[in-house]
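Structure first, then comments.
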């Protein structure tokens with residue numbers, strides 16, 4: 001299974017040709033997570049009609065895939081990832097730590113992203129970029 005980073009979800013919405021090509025050739029199931037959902041909706045103004053339409057797209061998109069929610073275990077793993085990277089001087093955004101932890105604690109060790117530098121520092125996570 002491959003986890004989708006928030007950037008990948010946005011690029012699917014926007015019709016990015018590189019991710020479309022990857023998905024056409026991909027045979028593995030895909031997963032999303034609740035933190036990406038939150039990150040997406042932080043970027044949408046609920047009073048902007050085009051953002052309302054985009055939000056509706058994401059809502060339907062998430063219904064069609066394996067969706068991972070927060071757990072105590074994933075929260076603890078996100079904290080471990082954050083502090084390991086901080087100790088190494090390789091800090092990444094806390095959202096990205098949580099996204100990685102959600103996938104890893106659910107047995108998903110691959111992530112598809114436009115931003116490999118956000119995730120390539122995390123052990124046990126294979127980064128697929130497009």
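Given the criteria surrounded by 16 or more Cβ atoms within 10 Å (Cβ to Cβ), in a helix (DSSP H, G or I) and touching a strand residue (DSSP E or B) at 6+ places or on another chain (Cβ under 7 Å), does residue 102 qualify? Yes; evaluated as a whole, the condition is true for this residue.
Is it true that residue 95 is farther than 16 Å from residue 9 by Cβ and surrounded by fewer than 22 Cβ atoms within 10 Å (Cβ to Cβ)? No: the conditions fail for residue 95. Going by the conditions given, is residue 95 assigned to a helix (DSSP H, G or I) and farther than 13 Å from residue 7 by Cβ? Spelling it out, it is not the case that residue 95 is assigned to a helix (DSSP H, G or I) and farther than 13 Å from residue 7 by Cβ.
Residue 85 - would you say it is at pLDDT 95 or above and in a loop (DSSP other than H, G, I, E, B)? Taking the combined requirement at face value, the residue does not satisfy it. The single condition from (1) in contact (Cβ under 8 Å) with a residue 24 or more places away in the chain; (2) on the phi > 0 side of the Ramachandran plot that residue 15 fails is (1). Of the residues making up region 111-130, just one is assigned to a helix (DSSP H, G or I), under 21 Å from residue 34 (Cα atoms) and free of Cβ contacts under 8 Å to residues at least 60 places away in the same chain, namely 116.
When we screen 23, 30, 65 for residues that are out of contact with any helix residue (DSSP H, G or I) (no Cβ under 7 Å at 6 or more places or on another chain), under 11 Å from residue 4 (Cβ atoms) and without any contact (Cβ under 8 Å) to a residue 24 or more places away in the chain, the only hit is 23.
When region 97-110 is filtered for residues that are touching a residue at least 60 places away in the same chain (Cβ under 8 Å) and under 16 Å from residue 39 (Cα atoms), the ones remaining, listed by number, are 98, 99, 102, 103. The residue list 55, 64 contains one member that is more than 20 Å from residue 128 (Cα to Cα) and surrounded by fewer than 12 Cβ atoms within 10 Å (Cβ to Cβ), which is 64.
The values are calculated or read from the model by the stated rules, or taken from the named source; none is laboratory data. None of these values were measured; they are calculated from a predicted model. Neighbour counts run over all protein chains shown; Cβ positions are idealised from the backbone, glycine included.
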